[in-house]
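Working notes for the structure below.
The values are calculated or read from the model by the stated rules, or taken from the named source; none is laboratory data. A quick note: this is a predicted structure, and the numbers were derived from the prediction, not measured. Reconstructed Cβ throughout: ideal geometry from the backbone, glycine too, with neighbour counts over all protein chains shown.
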Amino acid sequence: MLSEIIFYGSSVALISLGIMIVLTKRNLIKMIVGLSILDSGANLFLISIGYINGGTAPIMNENWSVVVDPVPQALVLTAIVIGVAVMAMALAIVVRIYEKFGTLDIRRIKELKW
């Protein structure tokens, strides 16, 4: 029970921290770091949903015991791959923005646009 509270609390803390960083920072790199933290919190939340204390891998054998649900694990593996691709694409876009505008501050980029 205590481990579930720790997992859920940690995931909520990571998600909240990521949202706070994305909403308060004006540097594009910091915003991408905030998105990465938010993504990690969401992945931790999905893994903690499928966690069972003392559970084993769902492999058929003679000893049927409490098994862990493999679906959240598969979803998180997919989400990690997608998250890495999104972060790589976002960083590539940020590099192009920096080459064009010479800054990573959103307010200055908006001013330079017009």
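Here is how the numbers come out for the structure above:
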| item | result |
| --- | --- |
| Counted residues, segment 47-60 - those being surrounded by 13 or more Cβ atoms within 10 Å (Cβ to Cβ) and in contact with an Asp or Glu (Cβ under 9 Å, 6 or more places away or on another chain) | 5 |
| Any chance residue 58 is touching a helix residue (DSSP H, G or I) at 6+ places or on another chain (Cβ under 9 Å) and farther than 20 Å from residue 1 by Cα | yes |
| Residue in segment 1-30 that is surrounded by the fewest Cβ atoms within 10 Å (Cβ to Cβ), counting only those that are under 26 Å from residue 96 (Cβ atoms), touching a residue at least 40 places away in the same chain (Cβ under 8 Å) and touching a helix residue (DSSP H, G or I) at 6+ places or on another chain (Cβ under 6 Å) | 26 |
| Any hit, segment 61-73, residues being without any contact (Cβ under 8 Å) to a residue 24 or more places away in the chain, surrounded by 11 or more Cβ atoms within 10 Å (Cβ to Cβ) and within 14 Å of the chain's Cα centre (by Cα) | no |
| Criterion (of a type outside the set (A, V, I, L, M, F, W, C) and modelled with pLDDT of 95 or more) met by exactly one of 54, 41 | 41 |
| Search result, residues across segment 75-96 that are under 20 Å from residue 45 (Cα atoms) and surrounded by 13 or more Cβ atoms within 10 Å (Cβ to Cβ) | 75, 76, 79, 80, 83, 86, 87 |
